[in-house]
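The structure appears right after this line, and notes come after that.
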Amino acid sequence: MANNSTSPVNHGQCLSDTWSRCVTGTVTAAHTFELTNFSLLEGSMGIGKYVDSSTFSVGGHDWNIRVYPDGWKEDDDDYVSVFLNLERGAVGVRVKYSMSSLDKHGHVSKYMDKCKLQPLLDLNNDCFTIRCDLTVNQDPRTEAVASTIVVPQPNLQQHFEHMLKDGRGTDVTFSVAGELFRAHRCVLAARSLVFQAELFGPVKEEATQPIRIDDMEPTIFEALLHFIYTDRCNEDNVTSQHLLTAADQHGVDMLRLTCEVRLCRSIDLLTVGTTLALAERHHCIQLKDACLEFIASQDMVGAIMETDGFKHLLTNLPFHHERDLRQDCRRKSRSTLKV
């Protein structure tokens with residue numbers, strides 16, 4: 001018979017519950033790959049030759065989009081082959097993906113008939129753009145559950161946005177082209193050293209009179225305030241140029257970089273001149289490099305100099321001329337080749 005005197009006895013003691021959970025998640029992202037002057041690739045590369053996109057990382061793995069203009073293997077010369085390629089990562093990764101064209105002309109399959117592709121190229125100036133939507137299944141993991149209480153996602157930005165729209169507690173007013181905007185001094189000062197000096201410095205503005213801003217449109221100042229309160233910016237490319245200027249003037253560095261990234265992605269023949277002038281004026285090194293790389297890669301210095309944007313560059317930055325632009329492009333081209 002077992003000796004009960006050695007067994008642990010719980011006199012009414014309540015043991016705590018423990019929990020664990022198996023978590024299986026996914027990571028989803030998208031990459032866009034644009035092929036310009038596609039007719040120069042088709043028929044000149046040969047079967048089994050490909051061009052690929054830059055590398056993008058999703059779920060701890062490196063990927064790229066690989067396009068075979070003349071087909072992947074023999075008997076594929078009537079087709080363009082498109083593949084998702086795993087550059088680096090564990091073999092056997094579980095993934096779901098889809099390829100689609102950005103002009104809404106349909107799904108891009110593994111093999112695309114060149115006869116069906118040609119109308120797409122005719123409509124898009126011999127350009128072919130592929131978007132890859134990629135979902136990677138992460139490895140399952142087991143974790144301990146400390147509590148069954150669900151903590152909601154942070155909503156500080158929503159509260160600040162409501163505070164700006166509601167107008168309660170505002171203690172400073174701005175007059176922009178006759179339109180009044182109310183805000184909170186502490187919020188502005190916390191987000192901008194320029195506002196901090198203006199509102200709390202030795203020569204701070206008085207709260208009794210609106211602060212006049214004469215060199216900005218009301219819509220731009222409204223977008224500036226919205227970003228200061230929410231860290232969100234949903235402006236178009238034209239507005240982004242004015243918003244970059246406003247962000248630079250008021251020391252909102254995060255907004256300045258956000259606009260710079262957006263403008264880098266929208267450079268074309270008509271905008272590269274004005275964008276380059278903007279980059280020079282506000283010392284945006286990355287944006288300037290992107291403009292010079294576009295000009296050098298397209299070999300279109302002469303065409304760009306005829307655009308209104310380049311004339312705007314000469315007007316606003318008269319120390320620039322054709323020789324400067326060509327020298328900068330040659331330097332950028334050499335540095336790109338070295339990389």
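Under the combined filter of DSSP loop state and at most 15 neighbouring Cβ atoms within 10 Å, the range 178-230 retains these GluC sites (Glu not before Pro): GLU206.
Using C-alpha pairs under 8 Å with a sequence gap of at least 6, the mean separation divided by the residue count of the range 25-138 gives a relative contact order of 35 percent. DSSP bridge analysis restricted to the range 157-251 gives an antiparallel fraction near 60%, rounded to the nearest 5. Largest accessible area first, the residues TRP63, TRP19, TRP72 order themselves as TRP19, TRP72, TRP63 under a 1.4 Å probe with ligands, DNA and RNA left out. Among residues other than ILE267 with Cβ under 12 Å from its Cβ, the summed charge is -1 (Lys and Arg +1, Asp and Glu -1). If you take the Cα centroid of the range 224-248 and the Cα centroid of the range 152-177, the two points sit 16 Å apart. Excluding PHE38 itself, calculate the net charge of residues whose Cβ lies under 13 Å from the Cβ of PHE38, where each Lys or Arg counts +1 and each Asp or Glu counts -1. Within the 13 Å Cβ shell, the charges total -4. For the range 25-98, trypsin sites (Lys or Arg not before Pro) meeting the loop criterion (DSSP other than H, G, I, E, B) and having at most 16 other Cβ atoms within 10 Å: LYS49, LYS73, ARG94.
Report the trypsin sites (Lys or Arg not before Pro) located in the range 193-266 that are in a DSSP loop and have at most 13 other Cβ atoms inside 10 Å of their Cβ, or state none.
Within the range 193-266, the qualifying trypsin sites (Lys or Arg not before Pro) (loop, at most 13 other Cβ atoms within 10 Å) are LYS204, ARG232, ARG265.
Ranking THR129, THR219 from most to least accessible surface, computed with a 1.4 Å probe over the protein chains only, gives THR219, THR129.
Ordered by solvent-accessible area of protein heavy atoms (1.4 Å probe), largest first, the residues ASP268, ASP62 come out as ASP268, ASP62. Solvent-accessible surface of the range 157-251, averaged per residue with a 1.4 angstrom probe and all protein chains in place: 57 square angstrom. For SER39, the accessible area of its heavy atoms, probed at 1.4 Å with every protein chain present, is near 70 square angstrom.
Lys and Arg at +1, Asp and Glu at -1: add these up for the other residues within a Cβ distance under 14 Å of TYR229 and post the number.
Spelling it out: positives minus negatives among the neighbours equals +2.
The values are calculated or read from the model by the stated rules, or taken from the named source; none is laboratory data. Note that the coordinates shown come from a computational prediction; the quantities given were computed from them, not determined experimentally. Neighbour counts run over all protein chains shown; Cβ positions are idealised from the backbone, glycine included. Surface accessibility is based on the protein's heavy atoms, side chains included, excluding ligands, DNA and RNA. Shrake-Rupley method; radii C 1.70, N 1.55, O 1.52, S 1.80 Å.
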